[in-house]
1. Extension gain residue 88-residue 46, at 0.36 nm per residue separation less the Cα-Cα distance, in nm?
2. Provide the gained length on full extension for the span residue 54 to residue 173, in nm with one decimal, where the gain is 0.36 nm per separating residue minus the Cα-Cα distance.
3. For 178, 42, 22, what ranking results if the residue with the fewest other Cβ atoms within 10 Å of its Cβ goes first?
4. Provide, as a two-decimal number, the C-alpha radius of gyration of segment 13-109 over 2.2 N^0.38 Å, N being how many residues it has.
5. Calculate, in nm to one decimal, what residue 158 and residue 189 gain on full extension: separation in residues at 0.36 nm each, minus their alpha carbon distance.
6. Ranked highest first by the average count of other Cβ atoms within 10 Å around their residues, in what order do 179-186, 156-163 fall?
7. Over segment 13-109, what relative contact order in percent results from Cα pairs under 8 Å that are six or more residues apart?
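Here, each number is a calculation from the coordinates, and none is a lab measurement. No experiment lies behind these values; they were computed from the predicted model shown. Here Cβ is always computed from backbone atoms with ideal geometry, including for glycine, and neighbour counts include all displayed protein chains.
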C-alpha cells in the first residue's frame with residue numbers, strides 16, 4: 001500500500017477525511033484515528049448491509065452481521081496489508097459473520113416436521129406445505145433435503161462456504177470470487193470439488209438408505 005503523506009495535525013486530517021482515498025483512511029485509522037475508520041464505515045456500510053441481507057434474508061440479522069463485521073475489521077485493522085481493496089476485505093469479513101449467524105439460527109431453530117403438520121422447515125425459514133402433496137412423497141423430499149444439508153455440513157470449511165454463498169447470494173461468479181479474495185478459476189475449482197464431494201456423499205447415503213429399507217421386516 002502506498003503510504004500517504006503525514007498530515008500536520010488531527011484537525012487537518014479531520015477536515016480532509018471525505019476527500020481521502022480508502023488507502024489513506026486505512027493508514028490513518030491504523031495510526032489510531034477513529035474518525036478515519038468511521039469515514040470508511042460510512043462509505044461502505046450500505047454495500048456491506050446488502051451483502052449481509054442477501055445471506056441472512058433478515059434485516060435484523062443483517063444489521064447484526066454488519067455491526068459485528070465492522071467491529072472485527074476495526075479490531076484487526078493492523079492485519080490488513082492492502083493486498084486487496086478495503087471493501088473486498090471487509091466484505092469477506094461480513095460474509096463470514098453472516099454465515100456464523102445463519103449457523104447459530106439453524107442450530108437454535110431446528111424443529112422436527114412432526115411438531116407442526118401444516119409447515120415444513122427449510123433452515124430458519126418456513127413455507128406452507130402443499131396440502132395436495134402425497135405424504136410419502138413429502139417425507140421422501142424432506143429426507144433428501146436433510147441428507148443434502150448434512151452433506152454440506154460435512155464439507156471442508158472452504159468448500160462449504162463457497163457452496164452456501166453461491167446459492168445464498170445474488171452475486172455473479174466474478175463478484176463472489178472478489179469477495180472471497182480468490183481468482184475466478186479457484187472459485188470454479190472449489191465449486192467443482194464441492195459438487196463432486198456432495199455427489200459422492202449423497203450416493204453413499206442413498207446406498208445405506210436402500211440397504212436399510214431392504215432389511216426392514218415386512219408387515
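1. Result for the pair: 13.7 nm of gain on full extension.
2. Extra length from residue 54 to residue 173 when fully extended: 41.4 nm.
3. The fewest-first ordering by Cβ neighbours comes to 42, 22, 178.
4. With N residues counted in segment 13-109, Rg over 2.2 N^0.38 Å equals 1.13.
5. In short, 10.0 nm is gained.
6. Values: 179-186: 14.9, 156-163: 16.6.
So the peptides 179-186, 156-163, ranked by packing, come out 156-163, 179-186.
7. 28
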